[in-house]
Amino acid sequence: MSCIDINDGEAHIKPEYILPKEASGEKKEEESGASEGADSTSEPPQKKQKFTGRNKKRPKLVKVPKSSKLCRQLWCLRVGEDPKTKCTYPNCVFSHDVATFLNNKGEDRGTECHNFRTYGMCPYGLMCSFGSDHIEGTGNKVNEELWEKFKNKPPVTNTLKKEVQQLLWKRKYDFTKAMQAHRAAHEEATSKIGEAELATQDMSVEESEKTKAIGPAPEEDLIKLTSREKKKVSVI
Ligand SMILES: [Zn+2]
Ligand SMILES: [Zn+2]
């Protein structure tokens with residue numbers, strides 16, 4: 001129930017919609033300033049901030065030179081191994097200076113490496129963000145006992161080996177096995193269809209005798225049409 005008497009002849013406004021006197025006064029001033037515009041003493045009206053368009057202040061991507069990235073061949077360098085003998089690429093442009101790489105490497109994200117603790121060996125090696133768990137000096141520690149169990153069982157099985165990937169890129173992958181399987185499956189399917197057709201053939205012959213075809217039979221699929229006979233479409 002409202003306490004306002006609606007029959008007193010006034011258009012009442014709810015108190016939450018009434019602006020305080022000062023705020024309304026400022027607004028009026030602003031409006032007048034905007035309309036005058038050319039007045040040198042008053043500050044120019046502030047433009048509304050746009051939230052669209054190109055963000056020119058966004059941070060730019062910094063490209064790290066290849067020479068400062070550690071060579072992939074050295075990631076899993078073990079304790080006591082020589083980095084110089086690890087890389088087999090004669091013109092490798094990546095860094096082979098493990099000591100400098102480790103000095104410049106950022107802080108680790110944690111102290112326990114899941115891969116090292118679970119499988120005994122971390123595939124990310126020196127690059128690992130939890131590397132302090134398995135990096136000793138300039139090499140990686142390996143828990144041989146644990147690693148022996150998982151050595152021949154990769155944790156992820158639905159990935160292609162690098163060699164297979166390369167063969168696929170170069171379109172040199174041997175698909176004969178797959179083709180044989182495909183052909184066998186196709187032959188099996190067609191033989192099944194053939195059997196089914198034979199079974200239904202007698203039925204269809206009987207049915208066709210009963211129902212005669214009505215309408216034109218152009219047999220375009222059987223007899224080739226000449227260029228004169230073909231339908232012509234006029235293009236405007
Ligand atoms: Zn290299
Ligand atoms: Zn690790």
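Multiply the residue gap between Arg171 and Leu146 by 0.36 nm, knock off their C-alpha separation, and tell me the result in nm, one decimal place.
Contour length minus the Cα-Cα distance gives 5.2 nm.
In nm, to one decimal, how far is the modelled label at Asn7 from the one at Ser191, with both set 7 Å along Cα→Cβ?
9.9
Please compute the Kirkwood hydrodynamic radius over region 151-196, one decimal place, Å, based on all pairs of different Cα atoms. Let's see the in-between values first.
Details: mean 1/r = 0.0738 Å⁻¹.
Result for region 151-196 stands at 13.6 Å.
How much FRET efficiency would the formula 1/(1 + (r/R0)^6) give for Val79 and Glu163, where r is the Cβ-Cβ distance and R0 is 30 Å, rounded to 0.05?
Values: r = 28 Å, r/R0 = 0.94.
According to the calculation, E is roughly 0.60.
In Å², and per residue, what accessible area does region 91-195 have when probed at 1.4 Å with the other protein chains present?
Working: 8250 Å² over 105 residues.
For region 91-195, the per-residue accessible area is 79 Å².
Once you sort the root eigenvalues of the Cα gyration tensor of region 66-154 as a ≥ b ≥ c, which label holds: rounded (a/c under 1.5), prolate (a/b larger than b/c) or oblate (the other case)?
Working: a/c = 2.13, a/b = 1.38, b/c = 1.54.
Verdict is oblate for region 66-154.
Leaving out same-chain residues fewer than 8 places away, which lysines sit with a Cα under 20 Å from that of Lys149?
Lys141
Greater than 32 Å separation of Cα atoms is the criterion. Which listed pairs, Lys105/Lys172; Lys105/Lys151; Lys56/Lys161; Lys60/Lys170, meet it?
Working: Lys105/Lys172 39 Å; Lys105/Lys151 28 Å; Lys56/Lys161 42 Å; Lys60/Lys170 35 Å.
Distance filter (> 32 Å) returns Lys105/Lys172; Lys56/Lys161; Lys60/Lys170.
The values are calculated or read from the model by the stated rules, or taken from the named source; none is laboratory data. On a predicted model such as this, the values are computed, not experimentally measured, just so you know. Every residue, glycine as well, gets a Cβ built from its backbone with ideal geometry; the counts of neighbours run over all protein chains shown. Accessible surface is based on the protein model in full, side chains and every heavy atom, while ligands, DNA and RNA are left aside. Shrake-Rupley method; radii C 1.70, N 1.55, O 1.52, S 1.80 Å.
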